[in-house]
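Okay, so here's the structure we're looking at.
Every number here is computed from the coordinates shown, using simple stated rules; none is lab data. Model, not experiment: these values are computed from the prediction. All Cβ positions, glycine included, derive from the backbone under ideal geometry; neighbour counts span all protein chains shown.
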Amino acid sequence: MSTTISKTAALNSDYLKVTEEVKEQSELDKDAFINLLVTQMKYQDPLDPVDNSEMLAQLAQFTALEQMMNVAQASQKQLANGMIGKYVEYLYKDSETGISEYLVGKVDYVKVSGDTPVLGIGDVEVNLEDVYQVYDSSNIQANTTAFELLGKTVQGLVEETKTDGTKESIIIEGEVLGIEMKNGSPYMVIGTGKEKVSIDFNKIQNIVDKPSITGKTVTGTYTDSEGKVQTITGTAEYIRIEKAGTFVYVRGEKEGQFVNFNHITLVEDK
């Protein structure tokens, strides 16, 4: 009798272990479902087996679950394929340094690794779940004229050539203060003074309804050319998102200065 009780306890323990493993998962996928079902069948009481109708109901649930997952996977693939040729903002983790950072790049291709779509962006590959924003100017260009953007806060892309000859796409977010015509095409003017930026109207991606920091009075710190930490207070004219980080161009009383977004210490309304 003691042996039987011990064996039964062990079987129950294994079943409970599988059940707890399933509970720990954020979602019940089909592998976890079938694992739980097989374990239940394996350790069922031979004197009181699972009813046929109950078993059929569980199998029907499994079939429905698998169909829903297939639909979800197909939707993910369709979503990923729709990003080809567009600029996206994504979270990239450097495997060597372990540092995570937000970057922007153009989706060159899409492939499927297991059940997960992977986006090819430049020389890196990124999982679909790590994409946070897609920049698509088609709606803006179809429904908005350049002059209608005057006074509005927008996000646009500019391409800069680095000293090593490589090109990098930079996101600029700020209020459109004017319009310049270059070779017959309108360019949105953001910022003032020597650090103003002109963005091709065709590169404007989004209109920002509720600007987070641009146009507000901010205080932040930066390191000057002599290595000394300085404090500046002024208007946040625009945000610049690049590979090196996110920077705010602050126009002070005498001159402007780029300040790392993480070094902004105070934000005030005008």
>> Per 0.36 nm of contour for each residue apart, how much would the distance between I179 and T166 grow if the chain were fully extended, relative to their Cα-Cα spacing?
In response: 1.8 nm
> Could you give me the ³J(HN,Hα) list for the range 198-204, computed from phi with Karplus coefficients 6.51, -1.76, 1.60 and θ = phi - 60°, whole Hz, x at Gly and Pro?
Replying inline: 10, 10, 4, 3, 5, 9, 6
> In what sequence, highest mean first, do 146-157, 122-133 appear when ranked by Cβ atoms within 10 angstrom?
Replying inline: 146-157, 122-133
>> Give me the extension gain from E96 to Q133: residue separation times 0.36 nm, minus the current Cα-Cα distance, reported in nm with one decimal.
In response: 10.8 nm
> On the first, second and third principal axes, largest extent first, how far apart are the outermost C-alpha atoms of the range 95-222 in Å?
Replying inline: 48, 41, 34
>> Could you order the peptides 164-170, 78-84 from most to least packed, using the average number of other C-beta atoms within 10 Å per residue?
In response: 78-84, 164-170
> L79 to K210: extension gain in nm, 0.36 nm per residue of separation minus the Cα-Cα distance?
Replying inline: 44.5 nm
>> With the cut-off at 27 Å, tell me which of the pairs K167/K203; K106/K254; K93/K254; K111/K162 have Cα atoms farther apart than that.
In response: K106/K254; K93/K254; K111/K162
> Say R0 is 35 Å: what FRET efficiency, to the nearest 0.05, do N262 and N202 get from their beta-carbon distance?
Replying inline: 0.65
